[in-house]
1. What are the residues in region 1-41 that are surrounded by fewer than 21 Cβ atoms within 10 Å (Cβ to Cβ), in a helix (DSSP H, G or I) and touching a helix residue (DSSP H, G or I) at 6+ places or on another chain (Cβ under 8 Å), if any?
2. Does Gly47 fit the bill of being among the small types (Gly, Ala, Ser), over 27 Å from Thr123 (Cβ atoms) and touching a strand residue (DSSP E or B) at 6+ places or on another chain (Cβ under 9 Å)?
3. Based on what the data block shows, is Ala71 surrounded by fewer than 17 Cβ atoms within 10 Å (Cβ to Cβ), modelled with pLDDT under 95 and aliphatic (A, V, I, L, M)?
4. Hey, among Ile140, Ile158, which residue is modelled with pLDDT under 95, part of a loop (DSSP other than H, G, I, E, B) and farther than 27 Å from Glu24 by Cα?
5. Taking the residues in region 122-137 that are closer than 22 Å to Lys54 by Cβ and either buried (at least 16 other Cβ atoms within 10 Å of the Cβ) or under 15 Å from the mean Cα position of the chain (by Cα) (or both) as candidates, determine which candidate is modelled with the lowest pLDDT.
6. What about Leu52, is it surrounded by fewer than 22 Cβ atoms within 10 Å (Cβ to Cβ), assigned to a strand (DSSP E or B) and in contact with a helix residue (DSSP H, G or I) (Cβ under 8 Å, 6 or more places away or on another chain)?
7. Determine the pairs where a residue that is without any contact (Cβ under 8 Å) to a residue 12 or more places away in the chain, located within region 101-114, has a partner that is polar (S, T, N, Q) with Cβ atoms under 9 Å apart, the partner being 6 or more residues away or on another chain.
8. Tell me the residue from Val89, Val93, Val79, Val45 that is part of a helix (DSSP H, G or I) and within 18 Å of Val6 (Cβ to Cβ), please.
Amino acid sequence: MNKFIVLEGGDGVGKSTICEHLSERIEAMLIKTPGEIHSPIRSLVEGEAQPLAKFLYYLSSVKYASDLVAAVLRDGPVVCDRYIWSSLVGYSVYSQRGVWDIKREFQFIMDGLEIPNHTILLTVQEGEQLRRIYERNGEIMTGSDTLSYNQSSFRRMINNMYLEIAEREDWLVVDTSTKAIDDTLFEIMNVL
């Protein structure tokens, strides 16, 4: 059976980098949420949409990715850069509602999603997270990156919520603060 592996975590933890290397290492298709099909309106949604509209946009990208994952898994493994929890966590923080309440409210959608074999939470120390966000974007940041970079309370809520979910859902948690890419991959590969 081919595996479906998801990497979750806040901005600047290394998801995209590790996803690219992991997908190459295990010869898996890399899927990102939101994907290219959702890109044309992403800046508009991030800049102007209310929290529920943002959530529904990201939720639609996860449903689209899930359908793609289901098709690809017939032929090989899949690595996904963010999945359902990124949408739930973001909406929880933006709307100031509990993530578990939101999960229950939208369970009917989650029930139709492809279930990952492994979800890995990447974390990073705060100073390193800020450095990476700035290095990646400079002065031109996405809405999420801007909040993560400029508002420590937002950044900490996101990071703490992910840790709570990881503990409850029994995810592997990998701190990427000082690890080389190969060391992070080695730690992940040990659970696959």
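1. Thr17, His21, Arg25, Ile37, His38, Ile41
2. Against the criterion (among the small types (Gly, Ala, Ser), over 27 Å from Thr123 (Cβ atoms) and touching a strand residue (DSSP E or B) at 6+ places or on another chain (Cβ under 9 Å)), Gly47 does not qualify.
3. So Ala71 fails the test.
4. After applying the criteria, what remains is Ile140.
5. Taking the candidates together, the pick is Ile133.
6. Answer is no for this residue.
7. Asp101/Ser92
8. Among Val89, Val93, Val79, Val45, only Val89 is part of a helix (DSSP H, G or I) and within 18 Å of Val6 (Cβ to Cβ).
The values are calculated or read from the model by the stated rules, or taken from the named source; none is laboratory data. None of the values given here were measured: they were computed from a predicted structure. A quick note on method: Cβ atoms are made from the backbone with ideal geometry, for glycine too, and the neighbour counts reach across all protein chains shown.
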